[in-house]
Amino acid sequence: MENQVRRGSLEMAGAMLISGTIGWFVLVSGQPVLDVVFWRCAFGAVTLLAICGLMGFLRPGLLSWPVFGWAVVSGVAIVGNWVLLFAAYSRASIGIATAVYNTQPFMLVGLGALFLRERITLDKMMWLSLAFIGMLAITQSHGASGYGGHAYLAGIALSLAAAFLYAIAALLVKRLTGTPPHLIALIQVCAGVLMLAPFAQVTALAHQPPAAWMTLLAMGVVHTGLMYVLLYGAIQKLPTALTGALSFIYPIVAIIVDWVAFGHRLEWLQWFGVAAILFAAAAMRQGWAPGRRRALP
């Protein structure tokens with residue numbers, strides 16, 4: 001059991017480290033956002049197809065038509081989430097966009113209350129309020145050095161919209177319990193290929209330097225195929241609390257990458273906002289309740 005948790009922790013840490021670097025690849029590729037997401041889906045689909053084949057997930061009868069339909073709809077949401085988040089990177093910076101994107105747990109709670117009649121407790125309301133204060137602190141920094149006013153606020157809005165689509169996708173995936181997650185991911189990226197093909201400049205990539213090809217290939221193979229394998233492998237091995245704790249490696253790495261690669265240093269008010277959002281999200285995922293004492297053994 002201890003070895004399983006250790007291995008799961010390493011897999012989760014690896015998945016989050018990979019996720020934290022994707023912003024760098026998006027910006028360095030120099031490609032339009034729709035093209036980046038299209039090629040991520042295309043290369044990711046090839047990688048996940050091979051993975052699903054090796055794991056025996058392509059056999060007939062594994063999926064019913066309703067399950068397939070919900071997986072496709074979740075794919076539309078998850079791909080839309082990628083488009084919005086990637087568009088936010090060049091406007092609000094990688095670090096800020098990623099921090100704001102981590103409001104997704106609160107949106108999922110709201111959607112759960114609205115559609116699944118899940119109860120919102122006083123503790124969750126408190127953490128939601130703290131995250132909202134963090135959001136206000138971040139949006140007040142649009143005039144800070146290195147952040148461009150209206151573009152910065154547009155980046156914040158895009159990040160929030162991306163988080164909302166991710167929460168919708170997560171809610172839809174709840175309907176797919178028992179379906180191999182790697183197969184769900186394959187259906188999602190295939191839906192993305194079909195959805196973005198009419199808009200992507202597919203032939204334009206032929207005239208791009210090899211570096212552009214390599215960044216897009218990495219996003220498909222590493223940030224999609226390998227990352228999904230590590231993430232789902234970790235989720236199967238780890239308790240939920242540890243999975244939630246390790247997931248915060250992602251925004252921390254994104255902030256460090258943004259600072260080292262692009263020189264985006266956060267102002268003190270932005271640091272406060274980021275810390276408030278991440279702390280509130282961690283508290284809600286871990287089920288922390290202020291004033292509640294643990295019973296003595």
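The values are calculated or read from the model by the stated rules, or taken from the named source; none is laboratory data. All of these numbers come straight from a predicted model, not from anything done at the bench. Because the Cβ atoms are built from the backbone with ideal geometry, glycine has one as well, and the counts that use them run over all protein chains shown.
Summary table below
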{"item": "Enumeration of residues in the stretch 53-83 that are over 18 Å from the mean Cα position of the chain (by Cα) and closer than 14 Å to Ala170 by Cβ", "result": "Trp70"}
{"item": "Members of the stretch 174-209 found to be part of a loop (DSSP other than H, G, I, E, B), closer than 11 Å to Asp35 by Cα and free of Cβ contacts under 8 Å to residues at least 60 places away in the same chain, listed by number", "result": "Pro198"}
{"item": "In the stretch 264-279, the residues that are modelled with pLDDT of 90 or more and farther than 25 Å from Gly8 by Cβ", "result": "Trp271, Phe272, Gly273, Val274, Ala275, Ala276, Ile277"}
{"item": "Flag for Gly44 being more than 19 Å from Leu186 (Cα to Cα) and not charged (D, E, K, R)", "result": "no"}
{"item": "Filtered residue count, the stretch 210-247, keeping only those that are surrounded by 19 or more Cβ atoms within 10 Å (Cβ to Cβ) and part of a loop (DSSP other than H, G, I, E, B)", "result": "2"}
{"item": "Test for Ala50: is it under 16 Å from Trp213 (Cβ atoms), modelled with pLDDT of 95 or more and of a type in the set (Gly, Ala, Ser)", "result": "no"}
{"item": "Any hit, the stretch 194-204, residues being within 20 Å of Ala169 (Cα to Cα) and either crowded, with 18+ Cβ neighbours inside 10 Å or modelled with pLDDT under 85 (or both)", "result": "yes"}
{"item": "Helices (runs of 4 or more DSSP H) contained entirely in the stretch 1-100, each with at least 1 residues that are over 17 Å from Tyr228 (Cα atoms) and charged (D, E, K, R)", "result": "2-20, 33-54, 65-92"}
{"item": "Hey, Leu58 in contact with a Cys (Cβ under 8 Å, 6 or more places away or on another chain), among the hydrophobic types (A, V, I, L, M, F, W, C), more than 15 Å from Ala218 (Cβ to Cβ) and surrounded by fewer than 22 Cβ atoms within 10 Å (Cβ to Cβ) or not", "result": "yes"}
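Residues are listed down the side, and each one gets a yes or a no for (1) in contact with a Ser or Thr (Cβ under 7 Å, 6 or more places away or on another chain); (2) over 30 Å from His207 (Cβ atoms):
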{"site": "Val5", "(1), (2)": "no, yes"}
{"site": "Leu10", "(1), (2)": "no, yes"}
{"site": "Gly14", "(1), (2)": "no, yes"}
{"site": "Ile22", "(1), (2)": "no, no"}
{"site": "Thr47", "(1), (2)": "yes, no"}
{"site": "Gly69", "(1), (2)": "no, yes"}
{"site": "Val73", "(1), (2)": "no, yes"}
{"site": "Ile78", "(1), (2)": "no, no"}
{"site": "Val83", "(1), (2)": "no, no"}
